[in-house]
Each structure stands twice: as C-alpha cells, then as structure tokens.
Amino acid sequence: MRKTITYFDIGGRSAADLDAELSRKGPLTQSTGGRHPGATQIRFGGDVTYAHSAGRCAIDDATVTLKTKLILPRWKNRRRANADLGLIWDALSADIKRHEERHAEIAKQHAYELERRLKRLRPEVDCDRLQDRVSLVTEEVTQAHDRAQMTFDRIESKNFEDRMIRILRYRAQTRQKP
C-alpha cells in the first residue's frame, strides 16, 4: 500500500475568492466529470500465482497492491488572511483532507478484503476455472468498493453544512480561550 499527497495552489482574499478558485482549479473527477476541492486517485494492482497439486489448480499466492494519491488544495495567501477567513479556511481544508483520507481508507479495506478472498479460493480441476473465479471475486470486490465510495460521498454531501458549522464553532471557541 502506498499513499502520496500532492497539492494544487489556490489564491484569494475572500471566502468567495477561495470558492471560485476551488471550482476553477480543483481536480477533475471521473465519477462526476466536474471539479472538486480535493480528490483521491485509487489504483489497485497485484499478482496471483497458481500451483498444480494432486491434479488440481490452487492459488499459490495472491498479493493485492494499492496506490492512492490524495490531491488537496493549498492556499498560498493563508499567512496574509484575516483571522476569520483563516479560521474558515483551516476548517475547510482540514475537512477536505479528512474526507480524502477516508476515501483512501475505504480503498485499503477493500484491498485487504480482495487479497483475503483470493487466498481463500478453493482449488479447481484446472487453472482456467480458477482464473475465472479470481476474476469474479475481483469484480465483486471492485463493485463493492465503488458502492462504498459512492455511499460515503452521498452521506458526506448531505452532512457537509452541519459538519462545517460544528467545526467552525469548535475552532472559534478554542481560539477564544486564554
């Protein structure tokens, strides 16, 4: 499993500027075809080896690899921002990072599940049949992964406003404490 993080720079001196920059410069996602404030690219890979034993074909080993690349915004004017806009940005950027980290975690869980299921496949009379089962299991786990990612995004989008209000209130309270 390998995770990398890259950043894209945005500018602006107001919340409206930041929003416009995120909409203009955010990464394009395949699922929606639109720009988003952050994204996670996910690439599954791996290798399955087979062994012949007692006239049957069995999984010798299965290794699933996962590469995730988080693409996050970086506000280049952050140091010159007023305190209120800085507070909003800090809350928003932390939420974007948390969101993308969760996408990576969902992918990681499914990579482990795929490897576990592949290693547990029972031997078949020939390797062609076993390869068909490997393909079937891979497709099942991939579809479950895609559904989990879509469900997560759907829930997150419904709760975004409430979550941001809670985060902003908490950060404002902790900032005011002596």
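The values are calculated or read from the model by the stated rules, or taken from the named source; none is laboratory data. Just so it is clear, the model here is predicted, and its values are computed rather than measured. All Cβ positions, glycine included, derive from the backbone under ideal geometry; neighbour counts span all protein chains shown. Quick note on the areas: whole protein, heavy atoms, side chains included, nothing else; ligands and nucleic acids left out. Shrake-Rupley method; radii C 1.70, N 1.55, O 1.52, S 1.80 Å.
Note on the chain: with a GNM built from Cα contacts shorter than 10 Å, the maximum mean-square fluctuation among 63, 32, 40 falls on 32.
Antiparallel beta bridges, as assigned by DSSP with both residues in the chain, represent about 65 percent of the total such bridges. Working note: Karplus 6.51/-1.76/1.60 with θ = phi - 60° gives region 58-71 the couplings 10, 6, 7, 7, 9, 10, 9, 10, 9, 10, 10, 10, 8, 10 Hz, where Gly and Pro are set to x.
So which trypsin sites (Lys or Arg not before Pro) in region 79-125 end up in coil per DSSP with only 12 or fewer other C-beta atoms within 10 Å? When the trypsin sites (Lys or Arg not before Pro) of region 79-125 are filtered for loop state and at most 12 Cβ neighbours within 10 Å, 120 remain.
FRET efficiency for the residue 1 to residue 84 pair, using the beta carbon distance and R₀ = 41 Å, is estimated at 0.55.
Amide H contacts under 5 Å for residue 77: 12, restricted to partners 5 or more places along the chain or on a different chain, H placed in the peptide plane at 1.01 Å from N. Its relative contact order, with pairs defined as Cα atoms under 8 Å and 6+ residues apart, puts the chain at 23 percent. Accessible surface of residue 141, taken over heavy atoms with a 1.4 Å probe and every protein chain present, rounds to 10 Å².
Estimated at 0.36 nm per residue, the fully extended path between residue 127 and residue 143 surpasses their Cα-Cα distance by 3.4 nm. Radius of gyration over Kirkwood radius for region 1-100, both on Cα atoms: the Rg/Rh ratio is 1.29. Remark: the chain carries 65 Å² of accessible area per residue (probe radius 1.4 Å; ligands, DNA and RNA excluded). Grouping the Cα pair distances of the chain into 10 Å bins from zero gives a pair-distance distribution of 9, 29, 26, 17, 11, 7, 3, 0 percent in increasing distance order.
Hey, any idea what % of the chain's accessible area is carbon plus sulfur with a 1.4 Å probe? Provide the component values of the computation, followed by the final result.
Numbers: 5620 of 11500 Å².
Taking all protein chains in place, the chain shows 49 percent carbon and sulfur surface.
One way to sum up the overall shape of region 78-163 is the equivalent ellipsoid from its Cα gyration tensor, whose semi-axes run 43, 12, 8 Å, largest first.
Just to verify a number: FRET efficiency for residue 47 and residue 102, C-beta to C-beta distance, R0 = 45 Å, to 0.05? Write down the numbers at each step before the final one.
Numbers: r = 28 Å, r/R0 = 0.61.
About 0.95, to the nearest 0.05.
Straight-line reach from residue 108: taking Cα to Cα under 17 Å and skipping same-chain neighbours fewer than 8 places apart, the aspartates and glutamates in range are 47, 100, 139, 140, 146, 153.
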